[in-house]
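Let me begin by presenting the structure, written as structure tokens, before commenting on it.
The values are calculated or read from the model by the stated rules, or taken from the named source; none is laboratory data. This one's a predicted model, so the numbers in the text were calculated from it and none came from an experiment. Methodologically, a virtual Cβ is constructed for each residue, glycine included, from the backbone with ideal geometry; neighbour enumeration extends over all protein chains shown.
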Amino acid sequence: MPASEAEAFYEREDHGRFLPTAYTRGPWDADSQHAGPPAALLGLAVEQRPDGRPDMRVARLTYEIMRPVPIRPLNVSTRVLRAGRSVELVEVGLTPDGGQEVMRATVLLMKAAPGSVPEVSPGRQVPGPEAAPAKAFFPVPWEQGYHTAMDLRFAAGSFLEPGPATAWMRMRVPLVAGEEITPLSRVLTAADSGNGVSAELDFHRYVFINADLTVSLHRHPEGEWVCLDARTMVDGAGIGLAESALHDEKGPLGRSTQTLYVAARG
């Protein structure tokens with residue numbers, strides 16, 4: 001089945017089924033999605049659970065990326081692992097039609113009671129998007145994909161410079177056609193880009209694929225822009241770690257980490 005042509009990352013069908021569009025396409029394989037949009041789709045499924053409690057807020061998401069996510073119809077399933085008074089644990093999975101599960105997340109939710117404790121959080125620590133120049137993604141061999149669905153501004157570094165980078169990202173299209181973008185979706189769509197913006201090795205000579213993604217949030221995100229203040233570390237044995245401090249225009253809101261498989265191409 002061809003990809004949906006909706007002006008969004010996905011089009012919703014019935015019973016937890018979603019049709020991806022070409023905007024989900026990642027930079028390395030024309031048939032595979034960038035992991036950001038499916039990560040956001042799983043997060044949205046947790047936010048929209050019919051049995052979800054309005055006083056519970058997502059505090060951590062741990063994703064296992066078992067195999068590349070194909071640009072094919074996807075089915076989302078959820079189940080509650082623990083339903084406590086102050087803490088919930090929910091598992092959510094993503095499976096293409098007729099295939100094996102490709103991504104799974106364990107999501108920790110905590111009871112939120114605004115104003116119940118003193119707030120301890122610094123203000124803005126990185127230059128805002130208004131001070132960051134717009135820069136394109138590295139060259140991608142197809143016209144439409146994740147690289148055209150996201151605005152990108154670098155306050156420090158760039159895709160074409162090795163080393164740490166500070167990148168602001170904003171979605172140009174909705175996650176799901178006809179639906180408002182949630183603040184959590186904005187963060188999750190961007191968070192998987194940490195290893196790309198802070199790459200230490202040449203894209204043409206090495207692969208550095210993340211097999212997981214963990215996003216921890218101490219504060220609910222605000223606004224359209226999400227910043228990744230990212231850096232990557234690589235061991236000579238071929239295992240790496242990308243770590244990103246996550247910000248919005250108000251200030252720090254959490255962190256994300258990615259465990260990397262690193263190898264020479266070919």
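Counting only strands (runs of 3 or more DSSP E) wholly contained in the range 49-151, the ones carrying 2 or more residues that are loosely packed, with under 14 Cβ neighbours inside 10 Å and of a type outside the set (A, V, I, L, M, F, W, C) occupy 74-83. Would you confirm whether any residue within the range 8-27 is of a type in the set (A, V, I, L, M), closer than 30 Å to residue 114 by Cβ, surrounded by 17 or more Cβ atoms within 10 Å (Cβ to Cβ) and in contact with a helix residue (DSSP H, G or I) (Cβ under 8 Å, 6 or more places away or on another chain)? So far as the range 8-27 goes, no, none of its residues is of a type in the set (A, V, I, L, M), closer than 30 Å to residue 114 by Cβ, surrounded by 17 or more Cβ atoms within 10 Å (Cβ to Cβ) and in contact with a helix residue (DSSP H, G or I) (Cβ under 8 Å, 6 or more places away or on another chain).
Filtered by the rule that a residue be assigned to a loop (DSSP other than H, G, I, E, B) and buried (at least 20 other Cβ atoms within 10 Å of the Cβ), the range 193-216 gives 193, 198, 199. The test for being under 30 Å from residue 56 (Cα atoms), of a type in the set (Lys, Arg) and not in a helix (DSSP H, G or I) holds for residue 219. Scanning the range 225-258 for residues that are surrounded by fewer than 16 Cβ atoms within 10 Å (Cβ to Cβ) and not aliphatic (A, V, I, L, M) yields 235, 236, 238, 250, 251.
Condition check ((1) more than 21 Å from residue 221 (Cα to Cα); (2) in contact (Cβ under 8 Å) with a residue 60 or more places away in the chain; (3) under 18 Å from the mean Cα position of the chain (by Cα)) across all residues:
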| position | (1), (2), (3) |
| --- | --- |
| 22 | yes, yes, yes |
| 40 | no, yes, yes |
| 46 | no, yes, yes |
| 72 | yes, yes, no |
| 79 | yes, no, no |
| 86 | no, no, no |
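One line per residue, one yes/no per condition, for (1) more than 15 Å from the chain's Cα centre (by Cα); (2) closer than 16 Å to residue 9 by Cβ:
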position	(1), (2)
124	yes, no
129	yes, no
149	no, yes
154	yes, no
160	yes, no
168	no, no
173	no, yes
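Scanning the range 189-201 turns up at least one residue that is over 15 Å from the mean Cα position of the chain (by Cα) and among the hydrophobic types (A, V, I, L, M, F, W, C).
Strands (runs of 3 or more DSSP E) fully within the range 225-266 that include at least 2 residues being under 25 Å from residue 126 (Cα atoms) and over 19 Å from the mean Cα position of the chain (by Cα): 226-234. Looking across 50, 27, one residue alone is out of contact with any Ser or Thr (no Cβ under 9 Å at 6 or more places or on another chain) and without any contact (Cβ under 8 Å) to a residue 12 or more places away in the chain. It is 50. When each of 22, 35, 39 is tested for being among the small types (Gly, Ala, Ser), modelled with pLDDT of 95 or more and farther than 14 Å from residue 103 by Cα, the lone residue that passes is 22.
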